[in-house]
Amino acid sequence: MTIGRGGLFGGRRPGAAEMQGGPSRLRGLREAKSSLGRALPLRRRPARFLLRRRGPAQLLALPGGGRRASCGSQGCRLPAAARPNPMGTPESAAALAGPDEASNSRTSPPPMSPQVTGCRGAGLGPKRLSRRMGQKKRMAEKELQQSPLDTAQSPSPKEPHLRQASSLGPQRSIYFSSPKGHPARLGTEFFDQPAIPLARAFLGQILVRRLADGTELRGRIVETEAYLGPEDEAAHSRGGRQTTRNRGMFMKPGTLYVYIIYGMYFCMNVSSQGDGACVLLRALEPLGGLETMRQLRNNLRKGTLSRTLKDRELCNGPSKLCQALAIDKSFDQRDLAQDEAMWLEYGLLGPSRPAVVAAARVGIGNAGEWTQKPLRFYFQGSPWVSVVDKAAEQKNTQT
């Protein structure tokens, strides 16, 4: 008797001719088959070929509680006890388990076939799964192709939209500029004008003095005098004479000219447009550092020190101004537009700017007609002015 690879009957059911002989013949065939199976065990295909992607992966519950199926790029890999057969129907645990597990499984109730959880591709065939993966890939490529500028130009209505600056250049801070657009620190262009217009323009501006320890003293200019140069008999540059002392009067506009009077007091001038022309700063309205100004004044005062100086007495004169701001001969010929220890800032007076009085200069003698020239300018009604000219104020009111 020859037995093929498919068994006694080639993998088919025995026919009527083969069943002749009765039960004894059939019993002999079965014994031969069992002896052959013990001698030559049939090869079983590996378990990984038993799973086909024909439907959702299923897990057969085992007596020990079962295990979750793991998913990979090549499909789901299930435990040996839960692998379905090639026809899609799950085999029994006893058929795929070992001898010990098979004996235990015979007494247990039939296993359930719950749906596998945690499997991303569960329930999808290969064609449908690949189609979904292709759609996700195309959507990702489309998002990458979008420009960042396009998304910035169309913000979400729920998100705040910030307006871009109109220019890419540096912007001036509001803390260093006035509302009218004037720079905080006045430069050379401000000083480059004739003496009379400059003397009027000084009124209301802020003079700032920075001490060595960083303390800043501030005062508003309320009184000035104009000196017109060689033609002015009261000027130090009268007749066009130029010396080492008055050299600052002939330098560029904005240069300081500091000189000594009575051998002990200082006066400060600022050169203007025109050789030998300048403006004398006569009085300030103290705005900042008043206690320091008072201390500086007391250090240089003569006479009784028991009386405390009033605020209006701190800077109401050209020499008092220099004492209160610690200005000495070392400031001579400095550029007020570039100096680090002293500068001029734009003063915000607005429409409330007081009336300006033009009066005769103070302390001018033996200057002929130039003695009564109305070249002194101050704010009318200001308590910080050094000398008030009632006649000039009355004349100014009538005009």
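Bear in mind these aren't lab numbers, they're just calculated from the coordinates by the rules spelled out. None of the values given here were measured: they were computed from a predicted structure. No Cβ is skipped: glycine too gets one built from the backbone with ideal geometry, and neighbour counts run over all protein chains shown.
Just a few scattered comments:
- Sites Gln398 and Arg307, calculated FRET efficiency, Cβ-Cβ separation with R0 45 Å, nearest 0.05: 0.70
- Across region 250-258, computed HN-Hα scalar couplings (Karplus, 6.51 cos²θ - 1.76 cosθ + 1.60, θ = phi - 60°) run 9, 8, 4, x, x, 7, 7, 10, 10 Hz from first to last residue, x flagging Gly and Pro.
- Stretching the chain fully between Glu141 and Thr371 yields a gain of 73.8 nm (0.36 nm per residue, less the alpha carbon separation).
- Interchain or long-range residues, amide H under 5 Å from Glu285's placed H: Arg220, Ile221, Val222
- Environment charge of Ala199, counting only residues whose C-beta is closer than 9 Å and scoring Lys/Arg +1, Asp/Glu -1: +1
- Near-label residues of region 209-245 by backbone N, under 15 Å of a point 7 Å along Cα→Cβ of Gln333: 242-245
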